[in-house]
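Visitor: Got a structure here, written out as structure tokens. Questions coming.
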Amino acid sequence: MSDIITEKQTLEERYLRQIFIRDQMAEFVKDPFVMKGADGVYYTDIDGKRYLDAIAGIFVASVGHNNRRVIDAIKAQLDTMAFAPVYHGTNALAIQLANKLAEIAPGDLSAVKFCCGGSEANETAFKMARQYHKLSGHPNKFKVISRYQSWHGGTFGALSASGVRSRRVDSEPLAAGFVHVFPPYCYRCPFGKEYPSCNITCAGLIEDTIIMEDPETVAAVIVEPIGHTGGVIDPPPEYLPQLREFCDRYNVLLIFDEIITGMGRTGELFAADTFGVLPDLICLGKGLSGGYTPLSAVLCRRPIADIFWGDKTTNPGFVSGHTYEGNPIACAAGLATIAEIIENDLCANVRKVGSHLREGLEGLRKHGIIGDIRGKGMFIGVEFVRDLVTKEKFPDDIPIATLIGKRALDKGLLLRFDPHWLSIGPPLILTESQADDIVSIFDESISEVLQEIKN
Ligand code: PMP
């Protein structure tokens, strides 16, 4: 057997040909971006260049990189037990983490099914909704209503619910039973209306869709409380309460995909708290373990959990499981991450530093190309336009946000960018002075790109 290749060799095309990442590899090899270390809110790549991580990896590193408490908890658990038999039972850490989540979750969201990633959590929520209806006498309720431009994950069921066309087409045909509706994208209302005279058409149409599909066939509605893909789509205040009302009216479960918004990102532990709406199921991932291990979870309300509790001869319990669910190392990371968030009151930091960051970003409207700034807490989207009045986008050959995002990357700032918008979601430990650094590099990047476009 040959030795493992050296770190420097990982930049060579012949070795990069052996891996797929989410990109065109022929393009990636021209300027490979390979990380080596991370500490606090900074990454270092393998050439030693430092980056301010304004996207927490990808909304994951909630308590920052190299957090000693989480690392020590993982190390201690490694010394005790790395894996527990899921087929026969569970382990103490999983029960402890489930109870901690039940304690901090809103309302009676007090039973937890663990998974490993966001897609798996969302798929598990769909299965839980379907089986719940079967067990409670509504066996024909199977459809899931979700939104265009949403992202619920890359596995088949989660992708079927997702509404990002470019990520779906190559895998089509996708699973049956998923119905899509338009998102609450106020800046470019899909119905050509204006808030609030629109009367929240985007929510009302969800009720119409439930009726048109036949309520006896609809199991669940899934939404990200604030949608990411599409440009951080933050609903008007009435939207989620109305969805709650419709779901109650037609016995449809409301699922919040809080893979990004959960665990403090919006300034409360859950976006359900931020919006004051209690869903039936919450899916958590990303920030739950702070990125230290793969870990996700589905939280469900007590009456739903109770349906799965009963006599084994007539009720099999929840028929769903994965080898790594409730993994003790992952649960140790989850418990330590939650302790860090709560004991350091990171939600308060998100509110304080998040609004400082937001103010700084508002100042960048001076460039005349920022059409909208959206989001809550430390989950912020910036949409660019060529014309502030008509909201005309930049033409296809000027993918403005990509150009700005790449320029920022050259300058050592990590953002998430699409052609017309970019998003910011730093570790929740960000300080005001680090927020100022984000704004100032962003500012310079916009100036330089605008100058280049002019020339
Ligand atoms: N839901 C949302 C809102 C997400 O942002 C993501 C990942 N970006 C997922 C689900 C899927 O999570 P994972 O990639 O961990 O499967």
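The values are calculated or read from the model by the stated rules, or taken from the named source; none is laboratory data. For clarity, every value in this text was computed on a predicted model and none was experimentally measured. A quick note on method: Cβ atoms are made from the backbone with ideal geometry, for glycine too, and the neighbour counts reach across all protein chains shown.
Visitor: Can you confirm whether residue 173 is in the same structural domain as residue 324 (by TED's automatic domain parsing), away from the ligand (no atom under 16 Å from the Cβ) and surrounded by fewer than 15 Cβ atoms within 10 Å (Cβ to Cβ)?
Guide: It is true that residue 173 is in the same structural domain as residue 324 (by TED's automatic domain parsing), away from the ligand (no atom under 16 Å from the Cβ) and surrounded by fewer than 15 Cβ atoms within 10 Å (Cβ to Cβ).
Visitor: Checking residue 308 against (1) over 22 Å from the mean Cα position of the chain (by Cα); (2) surrounded by fewer than 18 Cβ atoms within 10 Å (Cβ to Cβ): exactly one of these is not met. Which one?
Guide: Unmet condition: (2).
Visitor: Output the residue which, of all residues in region 269-311 that are out of contact with any Ser or Thr (no Cβ under 6 Å at 6 or more places or on another chain) and among the small types (Gly, Ala, Ser), is farthest from the ligand (Cβ to nearest atom).
Guide: 310
Visitor: Checking residue 127 against (1) within 11 Å of the ligand (Cβ to nearest atom); (2) of a type outside the set (S, T, N, Q); (3) touching a Gly at 6+ places or on another chain (Cβ under 9 Å); (4) within 23 Å of residue 326 (Cβ to Cβ): exactly one of these is not met. Which one?
Guide: (1)
Visitor: Residue check: is residue 97 among the aliphatic types (A, V, I, L, M), touching a Cys at 6+ places or on another chain (Cβ under 7 Å) and more than 16 Å from the ligand (Cβ to nearest atom)?
Guide: yes
Visitor: I'd like the full set of residues that are closer than 19 Å to residue 451 by Cβ, free of Cβ contacts under 8 Å to residues at least 24 places away in the same chain and in contact with a Pro (Cβ under 9 Å, 6 or more places away or on another chain), limited to region 385-416.
Guide: 386, 399, 401, 402
Visitor: Hey, can you tell me all the residues within region 156-177 that are under 21 Å from residue 220 (Cα atoms), in a helix (DSSP H, G or I) and polar (S, T, N, Q)?
Guide: Scanning region 156-177 gives a single hit, 160.
Visitor: For region 182-211: of the residues being in contact (Cβ under 8 Å) with a residue 40 or more places away in the chain and over 19 Å from residue 145 (Cα atoms), which is farthest from the chain's Cα centre (by Cα)?
Guide: 196
Visitor: Of everything in region 238-268, what is acidic (Asp, Glu) and either within 16 Å of the ligand (Cβ to nearest atom) or not in a loop (DSSP other than H, G, I, E, B) (or both)? Give them in sequence order.
Guide: Once the filter is applied, which keeps residues that are acidic (Asp, Glu) and either within 16 Å of the ligand (Cβ to nearest atom) or not in a loop (DSSP other than H, G, I, E, B) (or both), region 238-268 yields 245, 248, 257, 258.
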